[in-house]
Amino acid sequence: MRELVLKCPQSEAELLSDALLEAGVLAVSVEDADSDTQNEAPLYGEPGLEPEVQAWNNNRVVALLPDGLDPAQVLEQAAGQTGRALDDDWFLREVPDEDWVRLTQSQFGPIQVGERIWIIPSWHAGDPSLPQNTADPGGTVRIELDPGLAFGTGSHPTTHLCLEWLAECLPSDATVLDYGCGSGILAIAAAMLGAASVDAVDIDEQAVEATRDNALNNRVRIYACLPDDFGPGQYQVVVANILSNPLKMLAPMLANRVLPGGSLVLSGVLERQAEEVAAAYAPWLKMNVWQARDGWVCLHGRRSAD
């Protein structure tokens, strides 16, 4: 696995990060380009005076590339999003797959999502102070998660939005499809919240394996597979937490996977992208913003019952 490293000023760090994610990179981090020099600067403030921009005067924006993604393609697309050339001041560096992912994921602790859901990383599963599952309807749902080499710890706002929709709106005994399942967190949540059956699909074989392992650990039944092994069928709820470009390309397939009267839930969409994503699905169903958080939105649409 490789990282694409670019330099940029403070004013462009957030825009460039969003553009790189839009171009298909797996993750983005921002580092102080002056670290370990006399110009290194702390990034913090007194309570109530935290910095408005989470970036330094000079930044390294580090993007993790999936296997097979051409850096030139990423740079070209990001340049179009940011409006400036990115030909200079970048380089590639190799990163061991397992070391990078394990180190990153181990930084996450237990996370509460909404009123009911707790995401418990496997390395915290034995903590007696954390809540347990409750059998009563509306009770606590505890998901024990080992992301493995698949991304999806439950910490991102888009994941929170999808989980909260499932907790609040999932019909009893629904059939559910989680497309782009990653670690399987949404599929597992749907199963634990009362879905009758759950299918999970991802283009990454490691994600499929992580979903199967996490489903087994949480004692729920999920059929997880690659797209080539994904058979025909429609569902009462289809959820996809990916990014706007793939969501637009997948619009015909995802929309037609929704049963008449069923729901489509999309996330991984920035607020400024909501209208264009909704437009891609307009021939099949009307998508509206269900909730927004930290610049991201969750879109929901219901397919006509006719």
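Being surrounded by fewer than 15 Cβ atoms within 10 Å (Cβ to Cβ) and in a strand (DSSP E or B) is the filter here; which residues of region 8-19 pass it?
Taking region 8-19 as the starting set, the residues that turn out to be surrounded by fewer than 15 Cβ atoms within 10 Å (Cβ to Cβ) are 9, 11.
Matches in region 8-19: Pro9 only.
Being more than 24 Å from Glu276 (Cα to Cα) and either in contact with a helix residue (DSSP H, G or I) (Cβ under 9 Å, 6 or more places away or on another chain) or of a type outside the set (Val, Ile, Thr) (or both) narrows it down to one residue among Gly262, Gly233; which is it?
On the way: Gly262 fails: more than 24 Å from Glu276 (Cα to Cα).
Exactly one of Gly262, Gly233 is more than 24 Å from Glu276 (Cα to Cα) and either in contact with a helix residue (DSSP H, G or I) (Cβ under 9 Å, 6 or more places away or on another chain) or of a type outside the set (Val, Ile, Thr) (or both), namely Gly233.
How about region 189-216: which of its residues are assigned to a helix (DSSP H, G or I) and of a type in the set (D, E, K, R)? Give the steps one after another, and end with the answer.
First, the residues of region 189-216 that are assigned to a helix (DSSP H, G or I): 189-192, 205-216.
Hits for region 189-216 are Glu205, Glu209, Arg212, Asp213.
So Gln73 clears everything in (1) part of a helix (DSSP H, G or I); (2) at pLDDT 65 or above; (3) within 25 Å of Asp294 (Cα to Cα) except one condition, right? Which one?
(3)
If you scan region 279-291, which residues turn out to be in contact with a Gly (Cβ under 8 Å, 6 or more places away or on another chain) and not aromatic (Phe, Trp, Tyr)?
Leu285, Lys286, Met287, Asn288
Give Ala196, Ala125 a once-over and let me know the one that is among the aliphatic types (A, V, I, L, M), outside the structural domain of Val28 (by TED's automatic domain parsing) and touching a Ser or Thr at 6+ places or on another chain (Cβ under 9 Å).
Details: Ala125 fails: touching a Ser or Thr at 6+ places or on another chain (Cβ under 9 Å).
One residue alone meets the criteria, Ala196.
Restricting to region 263-278, count the residues that are of a type in the set (Val, Ile, Thr) and in a helix (DSSP H, G or I). First the steps, then the outcome.
Within region 263-278, the first condition is being of a type in the set (Val, Ile, Thr), and the residues that meet it are 265, 269, 277.
Those still in the list that are in a helix (DSSP H, G or I) too: 277.
Result for region 263-278: 1.
Taking the stated definitions as given, is Asp36 at pLDDT below 70 and assigned to a helix (DSSP H, G or I)? Give the derivation first.
On the way: at pLDDT below 70: yes; assigned to a helix (DSSP H, G or I): no.
No.
Is there a residue being more than 20 Å from Ile143 (Cβ to Cβ) and buried (at least 21 other Cβ atoms within 10 Å of the Cβ) anywhere in region 188-195? Please lay out each step first, then the result.
In the first step, residues of region 188-195 are kept if they are more than 20 Å from Ile143 (Cβ to Cβ); the result is none.
The answer is no; no qualifying residue exists.
Say whether the condition of being modelled with pLDDT of 95 or more, touching a Lys or Arg at 6+ places or on another chain (Cβ under 9 Å), charged (D, E, K, R) and in a loop (DSSP other than H, G, I, E, B) is met by at least one residue in region 286-293.
yes
Identify, please: which residue in region 228-250 is free of Cβ contacts under 8 Å to residues at least 60 places away in the same chain and either in contact with a strand residue (DSSP E or B) (Cβ under 6 Å, 6 or more places away or on another chain) or not in a helix (DSSP H, G or I) (or both) and is, among those, nearest to Arg303 (Cα to Cα)?
Gln234
Might you check whether a residue that is within 20 Å of Leu254 (Cα to Cα) and at pLDDT below 90 occurs anywhere in region 137-154?
No, that holds for no residue.
As an exercise: evaluate Pro260 against (1) touching a strand residue (DSSP E or B) at 6+ places or on another chain (Cβ under 8 Å); (2) in a strand (DSSP E or B) and give the number of the one condition it does not meet.
Unmet condition: (1).
The values are calculated or read from the model by the stated rules, or taken from the named source; none is laboratory data. The structure displayed is predicted, hence computed values, not measured ones. All Cβ positions, even for glycine, are placed from backbone atoms using ideal geometry, and neighbour counts span all protein chains on display.
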